[in-house]
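Structure first, then comments.
The values are calculated or read from the model by the stated rules, or taken from the named source; none is laboratory data. Since the structure is predicted, the reported quantities are computational estimates derived from the model, not experimental observations. Using ideal geometry, Cβ is built from the backbone for each residue, glycine included, and neighbour counts are taken over all protein chains shown.
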């Protein structure tokens, strides 16, 4: 009986941590989900550290006192190829909707050959998708902010947010699988006496409005201006003027409206018909099964 009770308590604890670490932030002060992050220790030269940055003109985390940084005291190393990983359990949003990666970065490097990379894999490392450079998967993600520039000088902390949509349609993933994000810093053989790269407040969340076993083909779309209090324009490739459906949801997955007669490559959303807040749109071709997601914010 005592063994059963112990196992039951352990299962409850694991379930609680799992739920906490499905939509969560790593600010490096709260350690609840810190085990999701792994610094690659296979190389003795790996310079990533969770610490209080204390370098000239490169001091201070975004949320004090800790960040993950390429050495907290010394200038970044030459011939560096340091890596850290964040391993996340596949969520419903990853399969049936969208996942969101957001955070803050601060960079101070030589802008020629010293730089950072952001990638993810959903197939155990067979395929790494580079989020900062063009590739065949780029229609499955879009940058809600400007794409991070992980080289040169950012002159302080910058915010980034990328939306990954219908990952389950590209990779054969299921609940219980893992999506791994890889953050790399690379430098050449010239010593530059600069701060390097650091990240803070790395957050993960997901959005799902329903469950379907249907697989979808990627479709690239953009929405602008964003945020707005007047009108939003959604643009996408539709040279043959095929029929698309567009549905808009609030952040609680409640549909606000749907229009099933979108026959051009643009669509106008009237912000005045929505309350201030965060919204998501889903653009779908019911025949070709091409689909795109996007996020927009209505302001007062």
Inset, instruction - Quick one: residue 230 ticks every box in (1) touching a helix residue (DSSP H, G or I) at 6+ places or on another chain (Cβ under 6 Å); (2) surrounded by fewer than 16 Cβ atoms within 10 Å (Cβ to Cβ); (3) in the same structural domain as residue 54 (by TED's automatic domain parsing) except a single one, so which number is it? - result: (3)
Inset, instruction - Select from the stretch 128-145 the residues that are at pLDDT 95 or above and not in a strand (DSSP E or B) and write down the one among them that is surrounded by the most Cβ atoms within 10 Å (Cβ to Cβ). - result: 131
Inset, instruction - Sort through 238, 233, 201 and tell me the only one that's assigned to a strand (DSSP E or B) and free of Cβ contacts under 8 Å to residues at least 40 places away in the same chain. - result: 233
Inset, instruction - With the condition kept exactly as written, say whether any residue in the stretch 146-165 is under 16 Å from residue 90 (Cβ atoms), part of a loop (DSSP other than H, G, I, E, B) and either out of contact with any strand residue (DSSP E or B) (no Cβ under 9 Å at 6 or more places or on another chain) or in the same structural domain as residue 49 (by TED's automatic domain parsing) (or both). - result: no
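Looking only at the stretch 55-106, how many residues end up being assigned to a helix (DSSP H, G or I) and in contact with a strand residue (DSSP E or B) (Cβ under 8 Å, 6 or more places away or on another chain)?
So the count comes out to 3.
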Legend entry - Residue ID - surrounded by the fewest Cβ atoms within 10 Å (Cβ to Cβ), chosen from residues in the stretch 57-76 that are touching a residue at least 60 places away in the same chain (Cβ under 8 Å) and under 13 Å from residue 108 (Cα atoms): 57
Inset, instruction - Could you tell me whether residue 218 is modelled with pLDDT of 95 or more and touching a strand residue (DSSP E or B) at 6+ places or on another chain (Cβ under 9 Å)? - result: no
Inset, instruction - Take the residues in the stretch 244-269 that are touching a residue at least 40 places away in the same chain (Cβ under 8 Å) and loosely packed, with under 14 Cβ neighbours inside 10 Å, then tell me which one is farthest from residue 100 (Cα to Cα). - result: 255
Inset, instruction - Give the residue, chosen from 169, 212, that is outside the structural domain of residue 105 (by TED's automatic domain parsing), closer than 22 Å to residue 281 by Cβ and surrounded by fewer than 21 Cβ atoms within 10 Å (Cβ to Cβ). - result: 212
Inset, instruction - State the number of residues belonging to the stretch 260-287 that are farther than 23 Å from residue 219 by Cα and under 23 Å from the mean Cα position of the chain (by Cα). - result: 1
Legend entry - Test: residue 152 is surrounded by 17 or more Cβ atoms within 10 Å (Cβ to Cβ), at pLDDT 90 or above and either in contact with a helix residue (DSSP H, G or I) (Cβ under 9 Å, 6 or more places away or on another chain) or farther than 22 Å from residue 63 by Cα (or both): no
